[in-house]
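Reviewing the structure listed below.
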Amino acid sequence: MFERSVVVGDEPIPYFYGFGCADDLVNALAAEFKNADAGLLIADRAVAKFAEDIVDRLAEYMTMHVYFLDAEERNKTLGAVQSVIDFAVDRRLTRESFFLAMGGGLTGNIAGLAASLIYRGVRFAHLPTTSVAAFDSVLSLKQAVNLPRGKNLCGCYARPTAIACDLEWLTTGPRSGLVNGLAEMVKNVLIATPEHETLLLRSLGRLGEEAAPDALLSLMRIGIDTKEPLLRADPKERKEALIFEYGHTAGHTVEFVSNGVIRHGEAVAWGMLVAAEVSRSLGYMDEAEVAHHREIVSHLGLPDPRSRLGGLDFARLRQVLAADNKRGYVQCAPDEVPMVLLKGVAEPVLAASGHPLVAVPLDTVMTALSTVAAP
Ligand SMILES: NC(=O)c1ccc[n+]([C@@H]2O[C@H](COP(=O)([O-])OP(=O)(O)OC[C@H]3O[C@@H](n4cnc5c(N)ncnc54)[C@H](O)[C@@H]3O)[C@@H](O)[C@H]2O)c1
């Protein structure tokens with residue numbers, strides 16, 4: 001097992017990870033929460049086998065409960081958060097108890113939000129089981145759920161006590177699940193660490209081979225190395241770290257309107273292509289960089305964007321786009337939306353305030369979406 005201390009703001013968060021290291025992770029978690037009176041593992045039902053194993057082992061150290069949820073984007077609601085809290089209160093968990101969030105980014109967000117609301121906050125740890133979660137979302141303090149009007153509209157910041165990941169957990173789903181998360185890493189490399197592009201693409205290519213454990217360990221290092229410097233400086237992702245929202249404006253919109261059928265990572269991949277088209281149409285990005293975007297995204301082996309986006313309700317896309325949750329950082333008219341745009345790799349377009357955001361007319365984004373989805 002490896003341990004990395006990931007500094008977010010002023011404080012480090014220990015990240016324990018490895019391949020086939022569940023025993024060591026349990027010991028590390030038992031040590032982190034040794035003074036707790038009980039623990040609640042909130043787990044995605046898809047990883048019930050791993051969750052039960054962790055709970056059984058932790059039960060040797062302390063009282064443990066387990067709550068399963070169905071990780072579907074339409075269930076990422078305040079109601080889901082309340083169900084977790086009701087369950088914990090019914091089991092008499094106290095302020096000295098802790099939560100563990102085991103699953104993908106969705107489970108992490110629901111459990112992270114529940115942990116910060118119950119009794120005004122209990123300690124929690126992330127146990128990520130998808131690549132989106134392991135390499136990206138658990139490194140962010142942002143927790144949010146969806147409201148009927150849009151994605152991630154209701155949430156807070158919550159700092160985990162620790163993160164623990166057995167990379168073997170990531171290998172149980174279809175390859176598409178793994179690739180999904182790597183879209184976030186493609187994004188991170190495009191916005192901040194182009195020097196990692198070659199290693200990222202090599203690791204991506206090796207995921208189906210026996211070398212997968214090594215490839216996953218490399219991806220973990222790239223994920224942490226890319227996110228940490230920005231999160232150290234801007235832990236709430238309200239200034240320079242807003243750049244992580246690259247590809248998320250159109251991405252969140254298609255994820256939400258497709259009811260999660262287009263999963264987060266895939267949605268971000270299409271969102272980056274849309275952002276590149278917008279940037280070109282506004283004169284910031286040249287054709288060569290737009291082609292580079294298409295090329296790097298093609299390594300993810302995703303389906304044709306036309307087959308995925310063409311059938312979506314464009315009127316609804318426009319409505320959801322208009323409710324994007326980045327509003328307020330820069331001045332934006334009602335018919336504009338704030339977007340992260342690049343001129344080239346690691347070269348964001350900056351507003352006068354220093355935010356990496358540009359107010360873009362909704363019409364321009366919808367035209368770019370149509371271009372990416374064009375038959
Ligand atoms: N807080 C942040 O900064 C942040 C960053 C990125 C994404 N997110 C959020 O995370 C969510 C997306 O996360 P995700 O892509 O991990 O998806 P997810 O959590 O929705 O999981 C996707 C699917 O994979 C299944 N699954 C989970 N682990 C599995 C495993 N090991 N084997 C097989 N199946 C497994 C789930 O049951 C689900 O069906 C979105 O809601 C997004 O908004 C948040």
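The values are calculated or read from the model by the stated rules, or taken from the named source; none is laboratory data. Note that the structure is a prediction, hence the values are computed from the model and not measured. Cβ atoms come from the backbone with ideal geometry, glycine included; neighbour counts cover every protein chain shown. Only protein heavy atoms, including side chains, enter the accessible area calculation; ligands, DNA and RNA are left aside. Shrake-Rupley method; radii C 1.70, N 1.55, O 1.52, S 1.80 Å.
Assorted remarks:
- Residue that is surrounded by the most Cβ atoms within 10 Å (Cβ to Cβ) [pool: residues in region 98-153 that are within 11 Å of the ligand (Cβ to nearest atom) and at positive phi]: 103
- Restricted to helices (runs of 4 or more DSSP H) entirely inside region 225-302, those with at least 2 residues that are in the same structural domain as residue 315 (by TED's automatic domain parsing) and touching a Ser or Thr at 6+ places or on another chain (Cβ under 9 Å) are 264-281, 287-298.
- Among the candidates 199, 204, residue that is outside the structural domain of residue 15 (by TED's automatic domain parsing), among the aliphatic types (A, V, I, L, M) and open to solvent by 20 Å² or more (accessible area, probe 1.4 Å): 199
- Apart from one condition, residue 330 fits all of (1) assigned to a strand (DSSP E or B); (2) in contact with a His (Cβ under 8 Å, 6 or more places away or on another chain); the exception is (1).
- Scanning region 1-46 for residues that are of a type in the set (Val, Ile, Thr) and either touching a Ser or Thr at 6+ places or on another chain (Cβ under 7 Å) or under 30 Å from residue 91 (Cα atoms) (or both) yields a total of 3.
- Candidate set from region 154-179 (those that are of a type in the set (S, T, N, Q) and more than 8 Å from the ligand (Cβ to nearest atom)); member that is farthest from residue 88 (Cα to Cα): 176
- From the list 214, 166, 225, the one residue that fits, being surrounded by fewer than 19 Cβ atoms within 10 Å (Cβ to Cβ) and under 18 Å from the mean Cα position of the chain (by Cα), is 225.
- Any hit, region 39-47, residues being farther than 21 Å from residue 174 by Cα and either free of Cβ contacts under 8 Å to residues at least 40 places away in the same chain or surrounded by fewer than 18 Cβ atoms within 10 Å (Cβ to Cβ) (or both): no
- Candidate set from region 58-88 (those that are in contact with a Leu (Cβ under 6 Å, 6 or more places away or on another chain) and assigned to a loop (DSSP other than H, G, I, E, B)); member that is nearest to the ligand (Cβ to nearest atom): 71
- Only one of the listed residues (55, 81, 122, 66) is within 22 Å of residue 260 (Cα to Cα) and not aromatic (Phe, Trp, Tyr). That residue is 81.
Residues checked against (1) touching a residue at least 24 places away in the same chain (Cβ under 8 Å); (2) open to solvent by 40 Å² or more (accessible area, probe 1.4 Å); (3) touching a helix residue (DSSP H, G or I) at 6+ places or on another chain (Cβ under 7 Å):
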| site | (1), (2), (3) |
| --- | --- |
| 274 | yes, no, yes |
| 279 | yes, no, no |
| 283 | no, yes, no |
| 292 | yes, yes, no |
| 296 | yes, no, yes |
| 299 | yes, yes, yes |
| 305 | yes, no, yes |
| 309 | yes, no, yes |
| 313 | yes, yes, yes |
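- The sole residue among 220, 185 that is within 13 Å of the ligand (Cβ to nearest atom) and within 27 Å of residue 342 (Cα to Cα) is 185.
- Complete set of residues in region 228-253 that are open to solvent by less than 30 Å² (accessible area, probe 1.4 Å), touching a residue at least 12 places away in the same chain (Cβ under 8 Å) and not small (Gly, Ala, Ser): 228, 231, 237, 242, 243, 244, 245, 246, 248, 249, 252, 253
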